[in-house]
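Below is one structure, written out as C-alpha cells; comments come after it.
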Amino acid sequence: MNSVSIPTMEPDRQYYFMNQCKTLVLEKKAALNRPLTYNIQTFGCQMNSHDSEKLKGIMDEIGYEEVDDEAADFVIFNTCTIRENANQKLYGHLGHVKTLKNKNKDMIVCLCGCMMQEPHVIETLKQKYKFVNIIFGTHNIYKLAELIYSYLETGKQTIEVLDETKQTVEQLPRKRKYTFKSGVNIMYGCNNFCTYCIVPYVRGREQSRKKEEILAEVEALAKQGISEVMLLGQNVNSYGNIYDYKDGKIVEVDEKDRVTFPQLLTEVCKIDGIKRVRFMTSHPKDLSDELIEVMAEEPKICKHLHLPVQSGSTNILTRMNRRYTKEQYLALVDRIRAKMPNISLTTDIIVGFPGETEEDFEDTLDIIRKVKYDQAFTFIYSKRTGTPAATMDNQVPEDVIKERFNRLLTLVNEISNAQIKRFADQVKPVLVEEVNHHDASLVTGRTEENVTVHFPGTADMIGTTVDVKLTDCKGFYFMGERIG
C-alpha cells in the first residue's frame with residue numbers, strides 16, 4: 001500500500017480504508033465461495049446503540065452481511081461499563097466466542113465501547129483473551145475500517161484506545177434499525193461526575209458539536225425520509241460549551257458563537273420533513289425555563305421528558321453530587337407542568353446508595369407520589385470500581401436494599417398504571433414502528449408521550465403517523481383502533 005495515497009482528512013481517510021477492506025473481503029469471499037457474515041452485540045445506552053448503527057454501516061460497506069448469530073465470521077461487542085456486572089457479562093460471552101473461534105480459525109473478534117477505556121480491562125484482555133483481534137474505545141468508533149485493515153494486513157492484535165478525541169466524524173455509512181427515525185449525537189462526554197457513575201472517565205469531558213454540523217445532518221436525514229429525530233447526549237441541557245481544536249490545543253469558542261440547547265431545538269424544528277423531535281438525557285440541574293418554553297410552544301417537540309431524579313433525599317443527592325435538592329427538583333417539575341400539564345415524565349431511581357437511611361428512602365417514595373411519573377427505571381445500587389461511591393462509608397446491607405426495592409417497585413407500578421390511564425379514550429397520533437411481535441394482524445407504535453400502542457394494521461403502515469383511539473389500557477401499554 002502506498003502511504004502517500006492515504007488521505008489525511010476525515011471522512012475521506014475512512015472511505016479509503018473501507019475500499020481497501022472491500023477488496024480484501026471480496027478476495028476472501030471468493031476463496032471460501034460463500035458470503036462473509038458479521039454480528040454486533042450492543043450493551044448499554046442510547047449512545048451505544050447509535051454507535052452500533054455506524055459500525056453496522058461500515059461493515060455493510062466493506063462487504064460483510066449481518067446475521068443474528070454469534071457464530072459469524074466477524075463478531076463485534078460494543079460494550080458498556082456502567083455497572084460492574086457488565087464486565088463479567090462480556091467475559092462470559094468471550095468464553096463462548098472462543099469455542100466458536102476454535103471451529104472457525106478465520107473468525108475475527110472485535111471489542112469496542114466504554115469498557116475498553118479502562119486500562120485494567122485492556123491488560124486482562126491482553127493476558128487472558130489473546131484470541132481477541134481488534135480492540136478500540138469510545139473516541140475512535142469511526143476508525144473501524146482503518147483498524148480492520150491494519151489487522152488484515154498484519155495479522156497481529158490491533159489495539160487503539162485514546163484518552164480523548166480531537167474530532168468527531170459523523171459523515172459515514174449507517175445502518176439504522178428504523179428507516180423513519182434516527183438518533184443524532186449533539187455532544188459527547190460528561191462533566192457532571194456523579195459519584196456512582198463511571199461515564200465521565202470512559203466517555204471523556206463534554207464536547208458539543210457545532211450547530212451547523214448538527215443541522216446539516218438532520219436536513220440530510222429528512223431528505224432520506226426520516227421524520228423523527230432524537231437528539232442524544234449524556235446531558236443535552238448543557239449543550240453549547242463548544243470547544244475547537246487549534247494547533248493541537250483545545251480552544252473555547254467565543255461567547256457570541258455559542259448556542260443553547262433550546263436554541264438548537266428551535267432550529268431543528270424548522271427543518272422540513274421532520275415531524276417529531278425527541279431528546280435525552282436531561283440533567284435536572286441544567287434544565288432551563290427557556291427549554292420549558294420552547295418545549296411548550298413547539299408542536300414538533302414530543303411532550304415526553306426523561307428527567308432522572310436518582311433519589312428523593314437531599315442528603316443522598318448531595319452524596320451523589322447531583323447538585324440539586326429535593327425541593328429544587330419538585331419546583332422544576334411544577335414549572336414544567338404549569339406549561340405542559342399533560343407531559344409524560346419518566347425518571348431513573350437508585351435504591352440503596354451508600355448512607356441511605358429509612359428516612360432518605362421515604363423521601364424517595366414521597367417524591368414519586370408527588371411527581372407521579374409515567375414510568376420509572378429503577379436500579380439497585382451496586383459498587384462500581386473507579387467511582388467515589390464505591391469506597392464510601394455506610395454501604396447499605398443487601399437485605400435492606402432488596403426490601404426497599406420491592407416497596408419502591410410496588411409504588412412505581414401503582415402510580416404508573418394510574419398515570420397511563422389518563423389517555424384512555426383519547427385519539428392520539430401514533431407513529432407506527434413495526435408489525436407486532438406476537439400478533440401479525442397488529443402493528444405497534446408510539447404516541448408523542450412515548451406510550452406504546454398496539455392496533456390492527458399492516459406492514460405498509462410502518463413509518464407513517466396515524467390517528468388512533470386508545471381503547472383498552474393494559475397496564476403499561478394500550479390497545480387501540482385506527483380512526484379514519
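The values are calculated or read from the model by the stated rules, or taken from the named source; none is laboratory data. Owing to the predicted nature of the structure, the values given are computational and were not obtained by experimental measurement. Here the Cβ is made from the backbone with ideal geometry for all residues, glycine too, and neighbour counts use every protein chain on show.
Summary of values
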read-out	value
Selection within segment 29-47 - part of a helix (DSSP H, G or I) and surrounded by fewer than 19 Cβ atoms within 10 Å (Cβ to Cβ)	Lys29, Ala30, Ala31, Leu32, Gln46
Filtered residue count, segment 143-171, keeping only those that are closer than 23 Å to Thr23 by Cα and in contact with a helix residue (DSSP H, G or I) (Cβ under 6 Å, 6 or more places away or on another chain)	7
Residue match in segment 389-407 (condition: in contact with a Gly (Cβ under 6 Å, 6 or more places away or on another chain), assigned to a loop (DSSP other than H, G, I, E, B) and not aromatic (Phe, Trp, Tyr))	yes
Qualifying residue in segment 286-300 (condition: in a loop (DSSP other than H, G, I, E, B), within 16 Å of Tyr239 (Cβ to Cβ) and hydroxyl-bearing (Ser, Thr, Tyr))	yes
One residue from Lys474, Lys428 being free of Cβ contacts under 8 Å to residues at least 24 places away in the same chain and either charged (D, E, K, R) or buried (at least 18 other Cβ atoms within 10 Å of the Cβ) (or both)	Lys474
Filter pass, Leu345 being part of a strand (DSSP E or B) and either surrounded by 15 or more Cβ atoms within 10 Å (Cβ to Cβ) or in the same structural domain as Asp289 (by TED's automatic domain parsing) (or both)	yes
Test: residue in segment 84-102 that is more than 21 Å from the chain's Cα centre (by Cα), within 27 Å of Glu170 (Cα to Cα) and surrounded by 20 or more Cβ atoms within 10 Å (Cβ to Cβ)	no
Boolean, Val75 is in contact with a strand residue (DSSP E or B) (Cβ under 7 Å, 6 or more places away or on another chain), more than 28 Å from Met187 (Cβ to Cβ), in a helix (DSSP H, G or I) and of a type in the set (Val, Ile, Thr)	no
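Results for (1) in contact with a helix residue (DSSP H, G or I) (Cβ under 8 Å, 6 or more places away or on another chain); (2) in the same structural domain as Phe379 (by TED's automatic domain parsing); (3) charged (D, E, K, R); (4) closer than 18 Å to Thr42 by Cα, shown as yes or no for each residue.
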| position | (1), (2), (3), (4) |
| --- | --- |
| Asp69 | no, no, yes, yes |
| Asp73 | no, no, yes, yes |
| Thr79 | yes, no, no, yes |
| His96 | no, no, no, yes |
| Leu111 | yes, no, no, yes |
| Ile141 | yes, no, no, yes |
